[in-house]
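Okay, so here's the structure we're looking at.
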């Protein structure tokens, strides 16, 4: 998964409650370190209430 905060439609509105802010201490320009296993792990942590979920909403194009 590629997380590109610059292309997120809710950047600025949902950053405080996004796991990217937990991982990077704020929104970043682009993160390419989340593979499938890591994505599943983050989902488990979010569902457990330990970290906020990924709030990324990708812009078209």
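Read-outs: derived from the displayed coordinates by stated rules, not from any lab. Remember, it's a predicted structure, so these values are computed and weren't measured experimentally. Heads up, the Cβs are rebuilt from the backbone with ideal geometry, glycines too, and the neighbour counts pull from every protein chain shown.
Some observations on this one:
- Burial order of peptide ranges 2-9, 15-22, 34-41 (average beta-carbon count within 10 Å, highest first): 15-22, 2-9, 34-41
- Sites residue 43 and residue 6 - FRET efficiency at Förster radius 25 Å, r taken between beta-carbons, to 0.05: 0.60
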